[in-house]
Structures are given as C-alpha cells and as structure tokens.
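To start, the structure itself, in structure tokens.
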Amino acid sequence: MTLQTTSPIFLGMPSFQKAAKDALRNTQQRRNLAHATSTIRAKRAAVVGEVDRWEELRVAGADAKDEVLHHLPHYLEQLEANLVANGATVHWARDADEANRIVLDLVRATGSDEVVKVKSMATQEIELNERLEEAGIHAWETDLAELIVQLGHDRPSHILVPAIHRNRAEIREIFRREMGGVGRPAPDDLTDEPARLAEAARAHLREKFLRARVAISGANFAIADTGTLVVVESEGNGRMCLTLPETLISVVGVEKVLPTFADLGTFLQLLPRSSTGERMNPYTSMWTGVREGDGPQDVHVVLLDNGRSHVLADDLGRQALRCIRCSACLNVCPVYERAGGHAYGSVYPGPIGAVLNPQLRGTGSDVDKSLPYASSLCGACFEACPVRIDIPSLLVHLRTQVVDEASGRSPEALSMKAAAWMFADHRRLEAAQRGATLGSRLLGDRTVRSLPGLGAWTQARDVPSPPPETFRQWWARTHGYDVEEAP
Amino acid sequence: MSDTPTVALFATCFNDTMWPDAPRATVTLLERLGCRVVFPREQTCCGQMFTNTGYADEGTALVRRFAQVFDPFEYVVAPSGSCVGSVREQHAALARRAGDAGLERAAEDVAGRTYELSEFLVDVLGVTDVGAHFPHRVTYHPTCHSLRMLHVADKPLQLLRAVRGIDLVELPAAEECCGFGGTFAMKNADVSIAMGSDKARHVRETGAEVLVAGDRSCLAHIGGILGRQRAGVRTMHLAEVLASTEEDPA
C-alpha cells in the first residue's frame, strides 16, 4: 500500500513504542492527562448513564452512518446539488494537496492576508495552516485550546481538547510570552485562574473576529437532503467565524454526510454527551448556502477524500468512517492516558487514531506500522464509542495487514511459526513442557528476575520458573487418560 | 441438564504450562459440585496470541483444532475469560476470513457451548455458594475480556461474596485494564508497565493480602510487578479461592 498523504510535521515520527517511552518520562504531562481524562470520563459516564435508550441511540447512529457509507456517491451528489441550489460553490479534493490549493486560491482571490479558523480536524489533517503560512496568509485559530497549541508552537494531542497535555500554569506562561507577538498581548497581571485565561483569549481574539474577511471551518455534519452544514461547539468562537466574515470556506471530509435533517436528532444527542460530557453543547450553528444580506455572501465547501475512499473499500475497516470525532475513545483509553497524544504521530491520536491513521495513510511508515499495536485490546474504546466502531477488532485486522506486508523472516515471525508448529500437535507441546519442567526441577523452585530474551518482561516484572508439574502431567497422574498412555 | 453434567476442561496452554493450580482447582471445584470432568488430551491453545499479534493463519489453524477437539462435548469450561473471549468473539471471524464456511459453522457451534468458569457456575449450574472457605483479605480485578467481551458482569463477585470467612474489599478503578494485553506487554513494555504500576498501586491501597482474577495472564503481569516491589500481596485465580475449603484450604 502506498502512503496516501505526506505529512511534513509528522514525517519521520518514530514508532509509537519509542515515542511513548519518551512521553512516559514527562511527569507533568502524565499528571495533566490523568487529571483531565478522569474528570471528563466521570462527566461522560454521568450524562450517558441518564439516557435510558443510549444503546438504541448508538445503533441508530451507526445505522445512519452505514447507510451513507454504503451509498456515498448518491448522498454526496445530493449534498452538492442542494448546496449549489442554495448559492454555495462546491469543490472536490482528492487529497491534501488539492484541498490546500483550492483553499489557498479562494483566499488569494479575496485579497486577504489572514483568515480566522473554526476548530476543524479536516484542516489539521491536511495541514492547511502551514500551507497558508508558507503563502504569507496568517491563519488564526480561535478555539481556546487550538489557540494555546498555536501560540505554544505545539502540536495538538487530543481531538476535542488539543491542549489537554497543558495545565493552567503552562497556559498562562504561553499567553504572556506569545500573545503580544501576534496581536493584543495578555494583561501583565494575568493569573492562572480559568476565567482570567479565558478573558485574555477573548480579548485577544475579538480584534481578529472583527477584522477578518475570510473564515475557514470544517463541519461536524453535512445534511444531504437540505444542503445544510452543521458546526457544534462550546465557546461561540465558531459562531463569530461563521457569521461575521464575507467569505466562508468549509473543508469537509466526505464521510461527514448524513442522509436527512432528521438524523441530526440522533447525532446531537450522541455527540455532546460523548464528547464534552454535556447534555447539549452551548453553540450549534447551521447554514444552508448563502442567505442574502445575512452572514457570509461567498460560501464554499471543499469535499475532501484524502484516503477515505481507500478506507471505504475495506469491508471491515470501513466502520472507522462512522467516527464523529467525539474523543470518547481517547478519554477512556488507558494507553492514551499514559502515552499522551503526540506519540500517535497524527492529529488523530488515541484508539481511533490507531485504526484511522494506518487506514488513511497506509502502513508504510514506522509510526503507522506500530499504531495497530498501540493497544492492550481492553475494549474500553468500543464500549464508549457512540457509533459502535469495533476498534479492538479493527486493530487486530490491521495487525494482520502489517504482518502480511512484512517479510515473514523477523525473529517474531519465526518464533510465532515455531510456536504454531508446537501447538499443532499436543505431543509436541507435551515434549516442550517436559523440557521446561525438567529445567525448572534442575533450577529448583525460584523466582526469575531476569532472563535472556525476556528483558521486556523482566525489566519490571518477576516471573516464576515453570512449575515442577504441568497440568496435564497432574491430570495423567490423578485421573489418567481414557485411551492414550499418560505423558 | 443431566444430574451429572460432563464438562470438558479447556485448561488453556498458559495455565497448563505455567500456572497449573488454576485448572487443577477448576477440576476440584467442578467435581465437588457434581460434574464429571474430562480433559481432552489433544487440546493445545485457542490461538489468541497468534490472532492478536497479526498471525491470523496460525490462529485459524488453532481454531480448527479447537473445534475438532471439543466438538463432542455439551459443555466446555475454561478458567480464563480471555481465552473464552477469543473462542466466542474471534474464532468464527477467523474462519470467515479464511473463507471456510464449514469451519465458521463448527466454530460458532462449539463457541456457543464454551463457558468461562464463573459463567458456567452461575448460569449453567445455577450456584453462587460453592461451599468455599477462604479466611483472607481479598480484592478482585475483573479483567477486560471477562468484563467487556464476555460480559460476565458481577458473577465472579457473586461467587466470592458467598465464600465463608472472606474479607472482600473493592479495588479502586477496578475496570481499568492492567496493561497485560498479551504481546502488548512485550511490544509496548513501557506503557504496559506504567499501566501495571497504577493497577498494583490500587491493589496495595486496598490492604488486601490476595489479589484474585479470572485470568492467570493478567495476574502474571500484576503479580510480577507486585512481586518485584516485594509488596506482600499474592495472586490467586478465582478457581483456587472457590476450590478452597476448611478441610482442604488453598
């Protein structure tokens, strides 16, 4: 499989194992993540628990997405027709380069050298901000957490809360150090109280909202039967971007389509509860093309593939495209909580990233090869997913793909083949067991604290030497076999 | 169900080789409860390690073996939530992937008769008080595959609560993974140990003398960390506690 998108920021990312090993040493980040994820886990559990028919909602959400994925061309054409009929211009982008070029040309045509941005995973995925900056156009992130990441010259580490790895004291320092360089500075007496930090961001962003002539957004949902785009948010920054500028450009992954307006009823229950742990998010903005004299008069929608057709072609893997980017799987994942989001080498971290990135980008790079293994398969992600993506099964499916693409001569592959040969016949297993128990009897009964080849285990874990008698030896001695002779 | 159900024990390769006390206790317990236990000698491994590491062909060969070996039996019982989880949730899918419809049917059929120990005791035998005696302070780790693949819910706790003399204390953050995860423990050793350290800390916080679970694999990991810490906590399989009596204490 070829690498479908190039990702300069994440190019040359080490494997998950290596990146995670480094991240585990970052005690501040681990503390921040443990605190933040446990808080949001508790909130989500409470608001999901109060919905009696949560399971039915999950099934309805999965069904609506599956309906779209099974008839994607039909719904996309319907969406396009309704958008165009309502005065919007629709663009189709095969990959990140095409999408970035389309957006760049549109911004240039306005003569503006800056844009305000609504938090959007699709534009993060294609690294639009970086492409715009290269062309001399400033892209101002207006979501609080995205602002923190941008000002901190940092990378997002969470889908919903991109600065989840930062705490209040760190944010205060970033604001004081960086805000003045790109706009209104933070007040000198800024403290790390959340209200003061939010106020500083608000004042900093306000001048950008009022000045901007172009806004760029994504969309949480795109309704095929009406041509309506929907953005769900908490801070009101999205509402400012979606209403004040003259030009609005929305980059929307093709899997964001929902068949009908009525389907929103399901998703507006599933998303906020799964995502922020709220019954309903504070701001839901919807727009259907252009409305004369009200809001942006030049409305563009860029429909983005960027590997999604490839995911769609995989019968099992396809379900990853149901994802509504809620982050519930990140928040419940014990691996994410400890390794943090950066180790996943993508704007899509956590369990969904571990399945989505190798599918979107292929399994050519070190990090994409390692991501399917970045899970203990504990199943907490599947249980939390509002659209029932069976992430553990997908991880196993992708591991098979990684193994099939490898040479088959690695030490692991050879030891797996040897073990499979042993397990193919109980007499071989019994012979191997006799060797192990004999060794154990020679050693005497003791705890093993280091063993060649088992270093990954014994670096922090004791292991007992094999027992003097296996179960089947005990069984032969105490019960005997009906037919065959005892081992 | 006949008065004396015949139960085929699936010991699991890991228990058989490294932790025979768990299947031995399972035999003792089931026989005490009036079952006839048989051990089909041809059994080896459910294949989970292969499947979950990406070696689906090797896993499928063991699906075939499992379906053949256990085909004759009305009940198959294993002292492992994880191995039973693989039999019930992965075996048929592996056969389907291999395009073998006959094996898929056979795998589904035998999976429907395969039980994790606590399920068999509570759902099939209909007992929660198995007549056990175990006068120790105990905490219970539910293990992910028992909890989220098999949905055994509180069946193991129902069984433990009925044990005489037991001082059962709740484990904080019990439902969080211990970090074992099969080859994850080796491939992502650092994250695995970080998760296991937190689990071990929660175990120590309970003041328990014994950590109990339905999977020896998870216990090998948590117990390995507790052992390295000289924490003074030992690990036991659920079957060992349930097999323990006043006359024959564990």
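Among A:VAL254, B:VAL163, the order by Cβ neighbours within 10 angstrom, fewest to most, reads B:VAL163, A:VAL254. By the beta-carbon count within 10 Å of each Cβ, the least crowded to most crowded order of A:THR89, A:THR447, A:THR437, fewest first, is A:THR447, A:THR89, A:THR437.
Here is the short version for chain A: A:CYS241, A:CYS323, A:CYS326, A:CYS333, A:CYS385 have no other Cys C-beta closer than 4.7 Å. Computed from phi, the 3J(HN,Hα) profile of segment B:56-73 under the Karplus parametrisation 6.51, -1.76, 1.60 (θ = phi - 60°) reads 5, 5, 5, x, 5, 4, 7, 4, 4, 4, 4, 4, 5, 5, 9, 4, x, 9 Hz, with x in place of Gly and Pro. Counting only Cβ charges, +1 for Lys and Arg and -1 for Asp and Glu, the dipole size of segment B:137-243 around its Cα centre is about 240 debye.
Summary value for chain A: 21 percent relative contact order, contacts being C-alpha pairs under 8 angstrom separated by 6+ residues.
With kT/(6 pi eta Rh) evaluated at 37 °C and eta = 0.692 mPa s, and Rh the Kirkwood radius from Cα pairs, the protein assembly as shown diffuses with a coefficient of 119 µm²/s according to Stokes-Einstein.
Of the residues A:HIS71, B:HIS136, the one with the fewest other Cβ atoms within 10 Å heads the list, and the complete ranking is A:HIS71, B:HIS136. When chain A is described by a simple charge dipole with +1 on each Lys and Arg Cβ and -1 on each Asp and Glu Cβ, the residue from A:MET13, A:GLY480, A:GLY180 located farthest towards its positive end is A:GLY480. Fully extending the segment from A:LEU104 to A:ARG31 would add 22.3 nm, taking 0.36 nm per residue of separation and subtracting the current Cα-Cα distance. Across segment B:6-124, the relative contact order, built from alpha-carbon pairs under 8 Å that are at least six residues apart, equals 28 percent. Between A:TRP287 and A:LEU229, the built amide H atoms are under 5 Å apart, and every one of these is 5 or more places off in sequence or on another chain.
At q = 0.10, 0.12, 0.16, 0.20 Å⁻¹, what is the log10 ratio I(q)/I(0) for segment A:170-274, with the Debye formula run over Cα points and no solvent? Log10 I(q)/I(0), no solvent term: -0.41, -0.57, -0.85, -1.03. The calculated pair-distance distribution of segment B:137-243 uses every alpha carbon pair, bins of 10 angstrom beginning at 0, and gives 16, 52, 29, 4, 0 percent. Annotation: amide H-H contacts under 5 Å for A:VAL257 (H modelled 1.01 Å from N, sequence separation of 5 or more, or interchain): A:ALA222.
First obtain the Kirkwood hydrodynamic radius of chain B from its Cα pairs, then insert it into the Stokes-Einstein equation at 20 °C and 1.002 mPa s, and state the resulting D in µm² per second as a whole number. Estimated via Stokes-Einstein, D reaches 117 µm²/s.
Using C-alpha pairs below 8 Å separated by at least 6 residues, the relative contact order for segment B:137-243 is 32 percent. Only helices reaching 30 angstrom along their own axis (Cα) with mean Kyte-Doolittle hydropathy no lower than 1.6 count here, and not one DSSP H run of chain A does. The H on the amide N of A:VAL115, modeled in the peptide plane, is under 5 Å from the matching H of A:HIS138, A:ALA139, A:TRP140, each at least 5 residues off or on a different chain. Cα centroid separation, segment A:339-395 to segment A:10-53: 13 Å. The residue list B:PHE184, B:GLY165, B:LEU30 was ranked by how far each Cα lies along the charge dipole of chain B toward its positive end, using unit charges on Cβ atoms, and B:PHE184 comes out on top. With a cut-off of 12 Å between beta carbons, the residues surrounding A:VAL182 carry a summed charge of -2, where Lys and Arg count +1 and Asp and Glu -1. Per residue, the Cα convex hull of segment A:426-478 amounts to 95 Å³. Compared with the alpha-carbon gap, the fully stretched path from A:TYR283 to A:LEU451 is longer by 54.7 nm at 0.36 nm per residue. Taken about its Cα centre, chain A carries a charge dipole of about 1660 debye when Lys and Arg each add +1 at the Cβ and Asp and Glu each add -1 at the Cβ.
Every number in this text was worked out from the coordinates using simple rules, so none of it is lab data. These numbers were taken from a predicted model, which means no experiment stands behind them. Here Cβ is always computed from backbone atoms with ideal geometry, including for glycine, and neighbour counts include all displayed protein chains.
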